[in-house]
1. From the C-alpha coordinates alone, can you work out the Kirkwood hydrodynamic radius of segment 18-57, in Å?
2. Between E4 and R86, what FRET efficiency comes out of the Förster formula 1/(1 + (r/R0)^6) with R0 = 41 Å and r the beta carbon distance, rounded to 0.05?
3. Determine the per residue accessible area of the chain with all protein chains present and a 1.4 angstrom probe, expressed in square angstrom.
4. In what sequence, largest accessible area first, do V56, V95, V7 appear using a 1.4 Å probe?
5. Let's test the formula: R0 of 25 Å, r as the Cβ-Cβ distance of R65 and A21. What FRET efficiency results, to the nearest 0.05?
6. State log₁₀ I(q)/I(0) for the chain at q = 0.16 Å⁻¹ as given by the Debye formula over alpha-carbon point scatterers of equal weight, solvent excluded.
Amino acid sequence: MTDEPEVMRGSGNLFADLGDADADARKMKAVIAAEIIATLNARGLSAREGAKVARVDAADIQRIRNADLSRFTIDRLVRVAYRLGRRVEMNVLPVDVDAAA
């Protein structure tokens, strides 16, 4: 008997690996939020300064920084990113329907 932990390779989507029904949408929100955070940090913007540029409440910027994305839709995050000078692009790719079921 070995004490070595079993290593499992993830799918690339943590939310899907955890069985979340909205895994793709949650991953997309997380990716956009990460870009918003990186942009705020690169520009050295505080929550208040970032909120002013993005035309949202400072509390919203703090929620994004804390990865509390439950109050955000994808389109709202896209608008925040755009107002901070970022453009969001999306790819739609085919999936193996039998494997996805």
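1. This gives a value of 11.4 Å.
2. Efficiency for this residue pair is about 0.45.
3. On a per-residue basis, 78 Å².
4. The residues order as V7, V95, V56, largest area first.
5. In this case the efficiency is close to 0.45.
6. The computed values of log10 I(q)/I(0) come out as -0.75.
The values are calculated or read from the model by the stated rules, or taken from the named source; none is laboratory data. All values reported here derive from a predicted model rather than from experimental measurement. Note: ideal-geometry Cβ built from the backbone for every residue, glycine included; neighbour counts use all protein chains shown. Side chains are part of the model used for accessible areas, which takes the heavy atoms of the whole protein and leaves out ligands, DNA and RNA. Shrake-Rupley method; radii C 1.70, N 1.55, O 1.52, S 1.80 Å.
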